[in-house]
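Have a look at the structure below, then the notes.
The values are calculated or read from the model by the stated rules, or taken from the named source; none is laboratory data. Keep in mind that what you see is a predicted model, and the values were worked out from it rather than measured. In this analysis, Cβ positions are derived from the backbone assuming ideal geometry, glycine residues included, and neighbour counts consider all displayed protein chains. Ligands, DNA and RNA are stripped out before the accessible areas are found, and what is left, the full protein with its side chains, is counted by its heavy atoms. Shrake-Rupley method; radii C 1.70, N 1.55, O 1.52, S 1.80 Å.
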Amino acid sequence: MRKFRGIFLKNDYEIGLLREANRIVAQILLELGERIKPGIKTIFLERLAIELCQKFDVKPAFKGYHGYPYALCCSVNEQIVHSFPSERILTEGDIVSIDMGVIYKGFYGDSARTYPVGTITPEASRLIEVTEESLYKGIAEAVVGNDLNDISRAIQTHVEDNGYFVIKRFVGHGIGTKLHEKPEVPNFVPKTAQRLPLKKGMVLAIEPMVAVGTDQVEILADKWTAVTKDRSLSAHFEHTIAITKQGPLILSKP
Ligand code: MF3
Ligand code: CO
């Protein structure tokens, strides 16, 4: 694979495989979303996800990754990311972020979205809206000739203009034959930010995590679950995109 500053640049064939991997992730997220309603347990979504992986003939990417025990992350309310599916019952007014990854022919798919459970408060619904919008603002900057910081800045500006907080502890990433490749894709412009010109063939998982009240994170005793320090609500949206001559191509679409 061609490289630019240590970053793998994918050709059209490789982008085709990444597109298939990510299309499957998107299809699974869509089918999981249809089952989310008050009264279901998050472990039910995990079982469904595993069944769907078998149906689409892909391997779940997260299970076993640095010891992560499940195929899905199901993060409810103040949980930001990396929460275990469990016997927890979703109740009316919750918001739940589902993060899913698969491996297809050696290539990774990775995508996430936050779903409302039944009717939610206007504040929760605005948080979800702003987080998803910030992802699309970031994606719009993923064009040849721009800099990686343009993606980060677009996300940060939209989040902060709306009075919310960008979680800085977790970042997006390059993706390909590994789940996490170079470069890191922060959802803010770091103080020590370097310039990285965006090139055709870069494939990035862009994934803003946004909270209502703080950017401070706490990790629970299970060593994985990340929650907001003030226990305020948090949302997470992630798309895997390819940078092409014609602009950003969202791969994680059903
Ligand atoms: N989308 C997340 C990431 O890219 C999910 C990783 S879950 C893990 O980091 F279990 F694999 F760590
Ligand atoms: Co990711």
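For this structure, a couple of remarks:
- Any pair with Cβ under 8 angstrom, 6 or more apart, that starts in the range 200-213 at a residue that is open to solvent by less than 10 Å² (accessible area, probe 1.4 Å) and ends at one that is of a type in the set (Phe, Trp, Tyr) and within 11 Å of ligand 1 (Cβ to nearest atom): PRO208/PHE237; MET209/PHE170
- Residue satisfying all of: in the range 104-137; open to solvent by 10 Å² or more (accessible area, probe 1.4 Å) and of a type in the set (Val, Ile, Thr); farthest from ARG23 (Cα to Cα) among these: THR121
Each row is one residue, and each column tells you yes or no for (1) under 18 Å from SER97 (Cβ atoms); (2) out of contact with any Leu (no Cβ under 8 Å at 6 or more places or on another chain).
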site: LYS178; (1), (2): no, yes
site: ASN187; (1), (2): yes, yes
site: LYS200; (1), (2): no, no
site: LEU204; (1), (2): no, yes
site: VAL217; (1), (2): yes, yes
site: SER232; (1), (2): yes, yes
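- Qualifying residue in the range 138-154 (condition: within 16 Å of ligand 2 (Cβ to nearest atom) and in contact with a His (Cβ under 8 Å, 6 or more places away or on another chain)): yes
- Once the range 176-199 is narrowed to residues that are within 16 Å of TYR65 (Cβ to Cβ) and either surrounded by fewer than 20 Cβ atoms within 10 Å (Cβ to Cβ) or under 14 Å from the mean Cα position of the chain (by Cα) (or both), the residue that is farthest from ligand 2 (Cβ to nearest atom) is THR177.
- Within the option set HIS173, HIS158, being within 16 Å of ligand 2 (Cβ to nearest atom), under 20 Å from THR114 (Cα atoms) and crowded, with 18+ Cβ neighbours inside 10 Å holds for one residue only, HIS173.
- Unmet criterion (only one of (1) more than 17 Å from the chain's Cα centre (by Cα); (2) acidic (Asp, Glu); (3) within 16 Å of ligand 1 (Cβ to nearest atom)) for ASP147: (3)
- Strands (runs of 3 or more DSSP E) enclosed by the range 25-142 - at least 1 residues per element that are within 17 Å of the chain's Cα centre (by Cα), charged (D, E, K, R) and at pLDDT 95 or above: 95-104, 107-116
- Filter pass, ARG2 being touching a strand residue (DSSP E or B) at 6+ places or on another chain (Cβ under 6 Å) and among the basic types (Lys, Arg): yes
- Residue match in the range 228-240 (condition: open to solvent by 10 Å² or more (accessible area, probe 1.4 Å), within 18 Å of HIS82 (Cα to Cα), aliphatic (A, V, I, L, M) and modelled with pLDDT of 95 or more): yes
- Applying the criterion of being outside any strand (DSSP E or B) and open to solvent by less than 60 Å² (accessible area, probe 1.4 Å) to the residues of the range 161-170, the residue that is farthest from ligand 2 (Cβ to nearest atom) is GLY163.
- Every residue from the range 32-81 that is open to solvent by 10 Å² or more (accessible area, probe 1.4 Å) and of a type in the set (Val, Ile, Thr): ILE36, ILE40, ILE43, ILE50, VAL58
- Hey, GLU87 surrounded by fewer than 20 Cβ atoms within 10 Å (Cβ to Cβ) and in contact (Cβ under 8 Å) with a residue 60 or more places away in the chain or not: no
- The set of residues in the range 241-254 being of a type outside the set (Val, Ile, Thr) and open to solvent by 20 Å² or more (accessible area, probe 1.4 Å) consists of LYS245, GLN246, PRO248, LEU249, LYS253, PRO254.
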